[in-house]
Amino acid sequence: MFDSLQDKLTKTLRNVQGKGKLSERNMEETLKEIRVALLESDVNYKVVKDFLEKVRQESIGQDVLNAVEPGQLLVKIVHDEIVSLLGDEDTSLVFNESGLSNIMIVGLQGTGKTTQAAKIANLLKKKGKKVLLIAADTIRPAAIEQLKTLGKQIDVEVYSEGTDVKVIDQVKRGVEYAKKNGFDVTLIDTAGRLQIDEVLMDELRQIKAAVNPTEILLTVDALTGQDIVNVASTFNELLDVTGLIVTKFDGDSKGGSVLSVKAVTSVPIKFTGVGEKIGDIEQFHPDRLAQRILGMGDVVSFVEKAQEEMDMKKAEEVADRLMSGKFTMDDLLTSIEQSSKMGPISSIMSMMPGMSEMAGKIDDQKADKDIKRVKAIIQSMTPEEREDPSIMRSSHKRRIAKGSGTSVDEVNKLCNQYDKMKKMFKSLSGMRGMFGMR
């Protein structure tokens, strides 16, 4: 998402960076190019108009045309206005200071309500909260079974009385159960419809009145474009939604609806679904997204994701071995497995400053296949071969190729890459000794 917008905005702003002075003419040309980039990315027309007017007024207020670094100052203004557009308030979940917090997950069918409920439960559990999932979608028996499966996967209890019990009674008893058993949070997975109807809304209003939720989170699909704005507006009108969960945020939609929704509905984005795995959900930070859109990367999110997903002890052990000049195929395998936990390569690269353009050219499916191939080759080696690949002869490589479903050429290619990496780390370890650095 945002690849096209990012590419156009960074090129436009790069053209004005480095110039000693901006004229009114090329300032207007720049704003015109930004306008085209936003409209082509499906940003709401009124939102674009207001956005450009704010940038223009802010530029005049800070006298960009006469600034020492006009290009850089303009980039800052555009960045700040994107943050303002996305909502610059705190996007953290609201909890009761004392007692149980109830969170409703609402939305249309097919937007991933059940999966997102489990993802948020997993996120809260990691932060030390005792969470109860309440299965309140009695329309679809499959949704209850899905929630139970996901709950088992993340070791979070699921409360359900099946499909024959009235929803409102079931939710009330689920909340009472949570209070009696010392739970901190309930996540109520409500029923959806293919489209908004009065029956659905009446049921949701009853649940809201019964449990007095601290949050009502609406799941919307990023791939539906401007329909996100329409759905969010209707749900908010009827339920006073407190936040959005934008699913399929890692997809290839233009992203304009995400930039428009807060400005049009006043409902902030609180979470983004960035993949299919249970850990593929992120708290939304407007300033970090603005940095990514402008090609600045997002180092803070990168570090946070590494800390959450990686085994830091293992990572440190591998790093110490690398910097001491020791590096085995087992170390390479550990590094690959640790990195894979952080998600698709393109997503990781997009967080790194200056690498956003390269990230857009990465084929994640191909990269994933390549990683699996490398892992299969290493796992087909004996412990002795992993420790010292130089002992391998042609017969060994044929055996490894057969065991990993690859070719001898691919085994040779990996061994050559390993040798180059080992030499590089050896030279780095020598520099470490010279300068006393880690």
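Check off (1) touching a Gly at 6+ places or on another chain (Cβ under 9 Å); (2) assigned to a helix (DSSP H, G or I); (3) among the acidic types (Asp, Glu) for residue 161 and give me the number that stays unchecked.
Of (1) touching a Gly at 6+ places or on another chain (Cβ under 9 Å); (2) assigned to a helix (DSSP H, G or I); (3) among the acidic types (Asp, Glu), only one is false for residue 161: (2).
Quick check on this structure: which one of 57, 116, 109 is touching a residue at least 12 places away in the same chain (Cβ under 8 Å), surrounded by fewer than 20 Cβ atoms within 10 Å (Cβ to Cβ) and of a type in the set (S, T, N, Q)?
Within the list 57, 116, 109, the selection yields 109.
Within segment 81-98, track down each residue that is in contact (Cβ under 8 Å) with a residue 24 or more places away in the chain and not β-branched (Val, Ile, Thr).
Residues satisfying the conditions are 81, 84, 85, 86, 87, 88, 89, 92, 93, 95, 96.
Residue-wise test of (1) farther than 26 Å from residue 2 by Cα; (2) aromatic (Phe, Trp, Tyr); (3) crowded, with 23+ Cβ neighbours inside 10 Å; (4) in contact with a Lys or Arg (Cβ under 6 Å, 6 or more places away or on another chain).
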{"site": "193", "(1), (2), (3), (4)": "yes, no, no, no"}
{"site": "199", "(1), (2), (3), (4)": "yes, no, no, no"}
{"site": "208", "(1), (2), (3), (4)": "yes, no, no, no"}
{"site": "218", "(1), (2), (3), (4)": "no, no, yes, no"}
{"site": "235", "(1), (2), (3), (4)": "no, yes, yes, no"}
{"site": "239", "(1), (2), (3), (4)": "yes, no, no, no"}
{"site": "243", "(1), (2), (3), (4)": "no, no, no, yes"}
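In segment 182-208, what count of residues is obtained for those that are part of a helix (DSSP H, G or I) and within 13 Å of residue 133 (Cα to Cα)?
Of the residues in that region, 0 qualify.
How do the pairs read when you match residues in segment 228-248 that are of a type in the set (Phe, Trp, Tyr) with residues anywhere that are open to solvent by less than 50 Å² (accessible area, probe 1.4 Å), using Cβ under 7 Å and keeping only pairs 6 or more apart or on different chains?
These pairs meet every condition: 235/106; 235/218; 235/241.
Considering only segment 164-181, state which residues are modelled with pLDDT of 95 or more and assigned to a loop (DSSP other than H, G, I, E, B).
181
Which one is surrounded by the most Cβ atoms within 10 Å (Cβ to Cβ) among residues in segment 265-290 that are among the aliphatic types (A, V, I, L, M) and in contact with a Lys or Arg (Cβ under 8 Å, 6 or more places away or on another chain)?
So, considering only residues that are among the aliphatic types (A, V, I, L, M) and in contact with a Lys or Arg (Cβ under 8 Å, 6 or more places away or on another chain), the one surrounded by the most Cβ atoms within 10 Å (Cβ to Cβ) is 269.
Here is a list: 144, 154, 103. Which entry is open to solvent by less than 30 Å² (accessible area, probe 1.4 Å), over 24 Å from the mean Cα position of the chain (by Cα) and modelled with pLDDT of 90 or more?
So the residue among 144, 154, 103 that is open to solvent by less than 30 Å² (accessible area, probe 1.4 Å), over 24 Å from the mean Cα position of the chain (by Cα) and modelled with pLDDT of 90 or more is 144.
Could you tell me whether residue 94 is surrounded by fewer than 20 Cβ atoms within 10 Å (Cβ to Cβ) and at pLDDT 85 or above?
Considered against the rule, which asks whether it is surrounded by fewer than 20 Cβ atoms within 10 Å (Cβ to Cβ) and at pLDDT 85 or above, residue 94 comes out as yes.
Pull up segment 71-100, narrow it to residues that are in a helix (DSSP H, G or I) and among the polar types (S, T, N, Q), then point me to the one that is farthest from the chain's Cα centre (by Cα).
Ranking the qualifying residues of segment 71-100, first place goes to 72.
If I go through segment 390-425 residue by residue, how many of them are crowded, with 16+ Cβ neighbours inside 10 Å, at pLDDT below 90 and over 21 Å from residue 339 (Cα atoms)?
Residues in segment 390-425 being crowded, with 16+ Cβ neighbours inside 10 Å, at pLDDT below 90 and over 21 Å from residue 339 (Cα atoms): 0 in total.
Within segment 119-141, restricting attention to residues that are without any contact (Cβ under 8 Å) to a residue 60 or more places away in the chain and over 21 Å from residue 165 (Cβ atoms), which residue is least open to solvent (accessible area, probe 1.4 Å)?
Of everything passing the filter in segment 119-141, 131 is least open to solvent (accessible area, probe 1.4 Å).
The values are calculated or read from the model by the stated rules, or taken from the named source; none is laboratory data. If you're wondering where the values come from, they're calculated on a predicted model, not measured in any experiment. Positions of Cβ are generated from backbone atoms using ideal geometry, with glycine treated the same way; all protein chains shown enter the neighbour counts. For accessibility, only protein heavy atoms count, side chains too; no ligands or nucleic acids. Shrake-Rupley method; radii C 1.70, N 1.55, O 1.52, S 1.80 Å.
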